[in-house]
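Data first, discussion second: the structure below is written as structure tokens.
The values are calculated or read from the model by the stated rules, or taken from the named source; none is laboratory data. Everything numeric in this text was worked out from a predicted model, so none of it was measured. Reconstructed Cβ throughout: ideal geometry from the backbone, glycine too, with neighbour counts over all protein chains shown. Heads up: the accessible areas ignore ligands, DNA and RNA and are worked out on the full protein's heavy atoms, side chains in. Shrake-Rupley method; radii C 1.70, N 1.55, O 1.52, S 1.80 Å.
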Amino acid sequence: MDNQQKKRNVILIGAGVMSATLGSMLKELAPDWNIKVFEKLEKAGSESSNEWNNAGTGHAALCELNYTPEQADGSVDIKKAISINEQFQLSRQFWSFLVNNKRIANPQDFIMSIPHMSLVQGEENVRFLNTRFEALSKSPLFKGMEYSADPAKLKEWIPLIMEGRSSADAMAATKIDSGTDVNFGALTEMLFDHLKEQQVEINYKHAVKDIKRSGDGTWEVKVEDLANDKIEYHSADFVFIGGGGGSLPLLQKTGIPESKHIGGFPVSGMFLVCNDPEIVEQHHAKVYGKAKVGAPPMSVPHLDTRFIDNKKSLLFGPFAGFSPKFLKTGSNMDLIGSVKPNNVFTMLAAGAKEMSLTKYLIQQVMLSNEKRVEELREFIPTAKLKDWDVVVAGQRVQVIKDTDKGKGTLQFGTEIVTAADGSVAALLGASPGASTAVHAMLEIFKKCFPDEVGGWEPKIKEMIPSYGVSLSENPELLQEIHTSTAKALQLDEKSPIEI
Ligand SMILES: Cc1cc2nc3c(=O)[nH]c(=O)nc-3n(C[C@H](O)[C@H](O)[C@H](O)COP(=O)(O)OP(=O)(O)OC[C@H]3O[C@@H](n4cnc5c(N)ncnc54)[C@H](O)[C@@H]3O)c2cc1C
């Protein structure tokens, strides 16, 4: 590492998985930089990163059908699936480094193996799934994936879903055992415990109110100490806005040109949860279906086995809804407050274009619990309302921006916005979100620390051996990494990748 690198003052806003990841990586790469964290809540990982606020899927495109769109000629485009899988491999490697080097302890507290499956019904969808399976099977990243349209095989894989079905229904599924369930809340807390031991100053109950450029080019961050009702000012060379849904208003406060013409559209979520051990034991997979026609990609229904606090449960959803809040703990004024002269036309254009989304969200909000269970019965025909509870999930704030597809285009992915001089970075959007946090931070390093990143490369390669290398094009390295990360993270994979 270059010992001559300039020592910097860094402020991380928000104590979610994104700040946790950035802080942990920076502590390895630039141990003498000063890092301060400001979080408005009482503890880390309490908003979207909390285990009950997200679905805990280690998104590696093993089961999510929206990452493999069908083309007009009937073929399936797997480019996005490959990119997301490669990004998840970076997270697996960094988490393994943290475990192997005793930065964090028991990996089973945050990651468990669970088969990832895609399930479809109807002739057309069965044909699509088969084409998708054939296309993915050509890539070493998806080795070990199985396909079946045989009801007996499906019964073996997903007995709870197959119970009470007629074998006349055309159904098919793919299954891959190298999937994971990730408790991002636990991971975030473990990383913040580690950062505290590394003398990072972590300030809970501190809300960031403003971010202003000082005359010398640094940033002045105005913070309210909520416990003592006091205003403080802190200065930083680099500010990371990791406020989750709250990132957009903070980015707007910086006034940087890159913050203009961007809006946010909040979508709330709900899951159904089953804790009855007799039912829970009958299912062992994350099973993703196909989004209904007209429904946005974040609403893809899935039935998941979850591992939270050493307990197994089942989660079904998400059911979308509308709330003007940008955070679960946010304000009803968040949406209206984010409309500025520079983004009003972007927002209006999105509003006009996304009428079907608005209609979909209104329909979802109106659903009664009985109606929600009816949707669940498409997965578990025998499901009973009494066995399932409703949990309110985190808020997603989907980014709206002007793109080559037109003004006010709604984005469904994770977006990084950086200042031209690299002194500010903000993370917006949702899925694949937490799963790809390490990739997002590597992108931020390239954009915000171009002078340092070259000197950091040997250490980055120690943390993430495949850094800069395409694993899909290097099957031997992929196999090596897959085996070593499965060992470090104690993943019990029945069929590890064999090239
Ligand atoms: C319903 C749902 C399902 C999801 N499912 C998955 C999944 O299966 N897999 C996956 O990988 N990802 C999933 N995601 C996405 C994932 O949860 C997020 O990408 C990730 O948690 C974002 O982390 P973060 O650190 O940016 O935000 P958060 O975890 O929300 O943390 C932001 C923090 O900033 C704090 N904050 C905000 N404003 C301020 C301020 N002004 N001052 C001080 N503090 C502030 C907040 O209190 C909060 O603690 C899902 C999200 C949702 C909502």
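Listed values, structure above:
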{"quantity": "From phi via Karplus (6.51, -1.76, 1.60), per-residue ³J(HN,Hα) for the range 200-205 in Hz, x at Gly/Pro", "calculated": "6, 7, 10, 10, 7, 6"}
{"quantity": "Using alpha-carbon coordinates, inclination of helix 475-488 to the longest axis of the chain, degrees", "calculated": "80 degrees"}
{"quantity": "Reach of K253 by Cα under 16 Å, taken over lysines that are not fewer than 8 positions away in the same chain", "calculated": "K209, K212, K222, K340"}
{"quantity": "Solvent-accessible surface (1.4 angstrom probe) belonging to T131, in square angstrom, nearest 10", "calculated": "40 Å²"}
{"quantity": "Accessible area of the chain belonging to carbon and sulfur atoms, whole % at 1.4 Å probe", "calculated": "51 percent"}
{"quantity": "Over 27 Å between alpha carbons, listed pairs K155/K292; K286/K459; K325/K359", "calculated": "K286/K459"}
{"quantity": "Rounded to whole Å, sorted largest first: equivalent-ellipsoid semi-axes of the range 78-231, Cα gyration tensor", "calculated": "46, 19, 18"}
{"quantity": "Extension reserve of the V365-D216 stretch, reckoned as 0.36 nm per residue once the Cα distance is removed", "calculated": "48.7 nm"}
{"quantity": "Net length gained if the chain between Q282 and T483 were fully extended (0.36 nm per residue, minus Cα distance)", "calculated": "69.5 nm"}
{"quantity": "From the C-alpha gyration tensor of the chain, square roots of 5λ in Å", "calculated": "36, 27, 22"}
{"quantity": "Table column - 3J(HN,Hα) (Hz), the range 279-287, Karplus curve with 6.51, -1.76, 1.60, x for Gly and Pro", "calculated": "7, 4, 5, 8, 9, 9, 4, 9, 10"}
{"quantity": "Helix-only [θ]222 nm of the chain, DSSP H runs n ≥ 4, -39500 (n - 2.57) each, per residue, nearest 500", "calculated": "-9500 deg cm²/dmol"}
{"quantity": "Whole-Hz couplings from phi, Karplus 6.51/-1.76/1.60, listed for the range 319-330; x for Gly and Pro", "calculated": "9, 7, x, 10, 8, x, 7, 8, 10, 4, 9, x"}
{"quantity": "Residues N100 and K79, FRET efficiency given R0 of 25 Å [Cβ-Cβ distance, rounded to 0.05]", "calculated": "0.20"}
{"quantity": "0 to 90° range, to nearest 10: angle between helix 79-100 axis and the chain longest Cα axis", "calculated": "70 degrees"}
{"quantity": "Residues of the chain: accessible area per residue with a 1.4 Å probe, Å²", "calculated": "42 Å²"}
